[in-house]
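Encoded as structure tokens, the structure appears first; notes follow it.
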Amino acid sequence: MKQFQMLVLIFVAFSTIALAQTGAGPLSINGELNEEIFPGASVGARVNAAVLSCGTTVPCIVFIPNHAVLGKGWTTPLPNNVLLDDRRGTNSQGFASGSAPGLKAHVQYNIALGADLPFEEDEGGSGRAAFNAEVSAYDGGHPGDAGKANAVAALLYAERIGGSRPIWGQNINFQYSNQKNQAYGLEIDSVNNSGADDPGSGSIGAGEVIIASGAKKNGVGLIIQGSGTTFRDDIALRSYDRIGLIFESQSATRTADIYVVPPADDTSLEIQARNSANTTNVWTVDDSGNINAASFSGQVVKAAAGGSIGVGAVDWKTGRSDPIGTCQTGSLFSNTAGASGHVFWVCVADAWINIK
């Protein structure tokens, strides 16, 4: 019995020494300040005490374990040297501002940024990141593996195996209440440090690749949706070297390469092309399909027998014989094989009149 008690005392003493050796600060466990061992009657009070013990200049982590009870658990805003690690799952605060999408995470990290601190090394002013995942590829891999990834910094996966629950592979929700600076929902910075990485005419590297796989064709590759006049510009293409937008469909049954549904069939502009100084329109297409341009070169073919250009209710048609039948008054017809006196026709009172 005495030997057993001695072993217990040795184990407790060793555990205490190990905890003191691995701690990175006051009342810390493995470098994180556990809110449970700080004074206070609630999670919030204990977290606030832990945050206060961090000071304001040294990087610090405050930990809320998974069994802690519901509660916000910190003072707003946090000092920007503190990272809050909340493991409460369904008992966590949930989304930062308490608004949509209203999700709660199994692991939640919170930081608040204020005045720049000495340990924030980025002199460009980018500040801190709540989460950073990096991978560096020095050798190995399999060049020319098409779209196969040999190195991935972060992989997100969601799967619905049963039931009817909607799933999102990734949800980025950013909120702001001032207009003092720009706000971006997602930045993809593709940095090419060497011309050797340029595959030339072969496979082209891209900042973002949207891949659809599986048996069904339902779904949309990209949706940009606002409410009312939320977005001023939905898509902006800038500083491209060759082509701003490429459509390369592999389906012969496609509906259209560009599909536009206007809110009304009126004179509002659907396509608007400006001059290089962006001071005036060069050509436009309105919601009713009317084209306003300086000149027209080419043809608009209606049927294999000839061409047709429609202007409102009237047409200018072509053919290799004289026109017959009724017509829309004001329409024109050109006989491209006609002899003198059988070349140009005008529709008057719903009948063709030979003009030239």
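The values are calculated or read from the model by the stated rules, or taken from the named source; none is laboratory data. What you see is a predicted model, and the numbers here were worked out from it, not measured in a lab. Glycine gets a Cβ as well: all are built from the backbone with ideal geometry, and neighbour counts include every protein chain shown.
Some points to look at:
- Total residues in the range 82-111, condition part of a loop (DSSP other than H, G, I, E, B), modelled with pLDDT of 75 or more and buried (at least 16 other Cβ atoms within 10 Å of the Cβ): 3
- Residue tally, condition surrounded by 10 or more Cβ atoms within 10 Å (Cβ to Cβ) and modelled with pLDDT of 90 or more, over the range 245-263: 1
- Test set (1) closer than 23 Å to Ala115 by Cβ; (2) modelled with pLDDT of 75 or more - Asn66 fails condition number: (1)
- Some residue of the range 126-133 being over 19 Å from Leu83 (Cα atoms), at pLDDT below 70, in a loop (DSSP other than H, G, I, E, B) and not β-branched (Val, Ile, Thr): no
- Residues that are in a strand (DSSP E or B) and among the β-branched types (Val, Ile, Thr) were ranked within the range 323-352; the one that is nearest to Ser308 (Cα to Cα) is Val346.
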